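Chemist: Take this structure first; my questions come after.
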Amino acid sequence: MEETNKEFLFKVLVIGDLGVGKTSIIKRYVHQMFSHNYRATIGVDFALKVIPWNEDTLVRLQLWDIAGQERFGNMTRVYYKEAVGAFVVYDITRSSTFEAVMKWKHDIDEKVYLPGGLPLPVVLLANKCDSIGTGEDKMLADHLHSYCKENGFLSWFYTSAKENVNIDEAARFLVGHILSNK
Ligand code: GTP
Ligand code: MG
């Protein structure tokens, strides 16, 4: 019998301002852990998630957890090299982190492209959704929906690293998109 096993290695960036929960999201996704303690990432951290996508496809997702303070440094161009997708994360309890979303998005669009010259697929994560009441959801959801359309984000998800909400879903969505262009 002929085997058609395929393996892919995808480098995906996780960016966004200080303390929005990038490291926590990755820890939850890769190690099924969460901690309330905050230790700022210095520079960049790495994590690998192996995803058995289907019977004949294996995806190795290399997550680049870039420190929020790197927005003020000059290393992002180096970190972004050869990435094929990105998550931009903000903290729904701090509006300044939402304002920074566009800055991060511009930074990627300026510094990295897919091999064909197309912009990177980017998914917005509205993190710490465990911290808001459901009443605000609809308005925020409508706003994020049009915001993504207008600003070239593929999509968005409410996430919570604390309660493990939507992290697998968001990753599946982005990986699915990356695979569909292969
Ligand atoms: P930098 O490394 O400085 O860029 O920050 P970061 O984006 O990696 O943030 P980190 O994951 O370290 O989380 C910052 C703080 O937010 C920590 O105290 C976490 O426990 C908390 N946190 C992260 N995700 C969530 C979440 O989904 N819900 C709640 N309630 N707290 C969260
Ligand atoms: Mg971090």
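Chemist: Give the angle, between 0 and 90 degrees and rounded to the nearest 10, that separates the Cα long axis of helix 137-151 from the longest principal axis of the Cα atoms of the chain.
Modeler: 60
Chemist: Still on this structure, I have one more. Packing-wise, with mean Cβ within 10 Å as the measure, how do 156-167, 35-46 rank, highest first?
Modeler: Working: 156-167: 20.4, 35-46: 10.9.
Put in order of decreasing packing, that is 156-167, 35-46.
Chemist: So, one more: For the chain, find the longest principal axis of its Cα atoms and tell me its angle to the long axis of helix 95-111, 0 to 90°, nearest 10.
Modeler: With both axes taken from Cα atoms, the answer is about 30 degrees.
Chemist: Hey, another quick one. Segment 68-157: which trypsin sites (Lys or Arg not before Pro) are DSSP loop and have at most 13 other beta-carbon atoms within 10 angstrom? Could the numbers behind the result be given before it?
Modeler: On the way: sites: Arg71, Arg77, Lys81, Arg94, Lys103, Lys105, Lys111, Lys128, Lys138, Lys149; in loops: Lys81, Arg94, Lys128.
Qualifying residues, ordered by number: Lys81.
Chemist: Something else now. Report the far tail of the P(r) of the chain, meaning the percent of Cα-Cα pairs longer than 30 Å.
Modeler: Value for the chain: 15 percent of Cα pairs lie more than 30 Å apart.
Chemist: Per residue of segment 121-132, in order, report the coupling 6.51 cos²θ - 1.76 cosθ + 1.60 (Karplus, θ = phi - 60°) as ³J(HN,Hα) in whole Hz, putting x for Gly and Pro.
Modeler: Going residue by residue, I get x, 10, 10, 8, 10, 8, 8, 6, 5, 5, 8, 10 Hz, with x marking Gly and Pro.
Chemist: I'd like the Karplus ³J(HN,Hα) series for segment 165-178: coefficients 6.51, -1.76, 1.60, θ = phi - 60°, whole numbers in Hz, and an x wherever there's a Gly or Pro.
Modeler: Per residue, the Karplus-derived 3J(HN,Hα) values read 9, 6, 6, 4, 4, 5, 5, 4, 5, 5, 5, x, 5, 4 Hz.
Chemist: Roughly how many nanometres apart are two label points built 7 Å out from the Cα toward the Cβ at Lys149 and Glu55?
Modeler: 3.9
Chemist: Next question, about the same structure. Leaving out same-chain residues fewer than 8 places away, which lysines sit with a Cα under 27 Å from that of Lys138?
Modeler: Those lysines meeting the cut-off are Lys22, Lys103, Lys105, Lys128, Lys149, Lys162.
Chemist: Tell me the angle of helix 22-31 to the major Cα principal axis of the chain, expressed in degrees between 0 and 90 and rounded to the nearest ten.
Modeler: Roughly 40 degrees between the two axes.
Chemist: With a 10 Å Cβ neighbour count serving as the proxy for reagent exposure, in which order, fewest first, do Glu70, Glu7, Glu150 appear? Kindly include the intermediate steps, with their values, before the conclusion.
Modeler: Details: Glu70 19, Glu7 11, Glu150 8.
Starting with the residue having the fewest Cβ neighbours, the order is Glu150, Glu7, Glu70.
Chemist: Follow-up question, since we're still on this one. Rounded to the nearest 5, what % of the DSSP beta bridges within segment 42-182 are antiparallel ones?
Modeler: Values: 12 of 22 bridges.
Counting only bridges with both partners in segment 42-182, antiparallel ones make up about 55 percent.
Laboratory data are not the source of any read-out in this text; all were calculated from the coordinates shown. Predicted model only: the values in this text are computed from it and were never measured. Cβ atoms come from the backbone with ideal geometry, glycine included; neighbour counts cover every protein chain shown.
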